[in-house]
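A quick write-up on the structure given underneath.
Please treat every number below as a calculation from the coordinates, not as lab data. This one's a predicted model, so the numbers in the text were calculated from it and none came from an experiment. With ideal geometry, Cβ positions are generated from the backbone for all residues, glycine too; neighbour counts draw on all protein chains shown.
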Amino acid sequence: MRILTKEEFENQKDAIRTSLIESNPVFIYPTDTIYGLGCNALNKEAVEKIRDIKQRKSNPFSVIAPGKEWIDENCVINENVKEWVKRLPGPYTLILKTKKQCAAENVAPGLDTLGVRIPDHWFSKFVNEAGIPIISTSVNKSGADFMASLDDLDAEIKSRVDFTVNEGVKKTKPSRIIDLTDKVEVIER
């Protein structure tokens, strides 16, 4: 596993963006909340790698959306959803109904909903420039504690990740999940 600083990532971002399409890396990245485990959310094989790493067979994953326009194009937007989308970027994961298949089928298997977020963090700009959704899930095996720093990284996960963007210790908690598929429901973690 390669460990990159923000500056190294920025210097290599064109090559990394290309690799998201060509070689489908699995990587760890910082957000405004905690570290995320990600890949190209359009690539079924890459998503399956994350399912294997997390030992999470079918529960849905969320994505970092490339932007609000992407959310408008792919998700059902009503007045209530509009109000929450206005809060982005921020520490929220919005569960929305989808208009069409906008991620690999194994991102949210059998569901017509998708968790979307836009972190208030420089990494969101990269996702916007890449123009593709990125899987957004905590760095841990299902049921285990999430990663707050590289010191917390499970050895098995480390061995299966292509690179990590290290931003030091994260002293926050995961994003708040807001289910907007029916009525507003805040899901506490």
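Annotations for the structure displayed:
- Here the residues Met1, Met147, ranked from fewest to most Cβ neighbours within 10 Å of their Cβ, fall in the order Met1, Met147.
- Considering only region 2-187, percent of DSSP beta bridges that pair antiparallel, nearest 5: 60 percent
- Ascending count of other beta-carbon atoms within 10 Å, so fewest first, for Thr98, Thr18: Thr18, Thr98
- FRET efficiency, Glu48 to Ser142 (Cβ-Cβ, R0 22 Å, nearest 0.05): 0.90
- For region 166-177, 3J(HN,Hα) per residue [Karplus equation, 6.51 cos²θ - 1.76 cosθ + 1.60, θ = phi - 60°, Hz, x = Gly/Pro]: 8, 10, x, 7, 9, 10, 10, 10, x, 4, 7, 8
- Applying 1/(1 + (r/R0)^6) with R0 = 30 Å to the Cβ-Cβ distance of Lys183 and Asp152 gives a FRET efficiency near 0.25.
- Per residue of the chain, the DSSP helices (runs of n ≥ 4 H) give a summed -39500 (n - 2.57) that works out to -8500 deg cm²/dmol at 222 nm.
- Among the listed pairs Lys68/Lys99; Lys44/Lys183; Lys54/Lys86; Lys141/Lys170; Lys49/Lys170; Lys100/Lys125, those beyond 21 Å (Cα-Cα): Lys44/Lys183; Lys54/Lys86; Lys49/Lys170; Lys100/Lys125
- The reciprocal of the average 1/r between distinct C-alpha atoms defines the Kirkwood hydrodynamic radius, which for the chain equals 16.5 Å.
- For Ser62, distant residues with modelled amide H under 5 Å away: Ser136
- Two-decimal Rg/Rh across region 1-91, once Rg and the Kirkwood Rh are taken from alpha-carbon atoms: 0.99
- Using the average count of surrounding beta-carbon atoms within 10 Å as a protection proxy, the listed peptides 134-141, 87-94 rank, highest first, as 134-141, 87-94.
- Within the same chain, aspartates and glutamates fewer than 8 places from Lys173 are excluded, and of the rest, those with a Cα less than 20 Å from its Cα are Asp32, Asp120, Asp145, Asp151, Asp152, Asp154, Glu185, Glu188.
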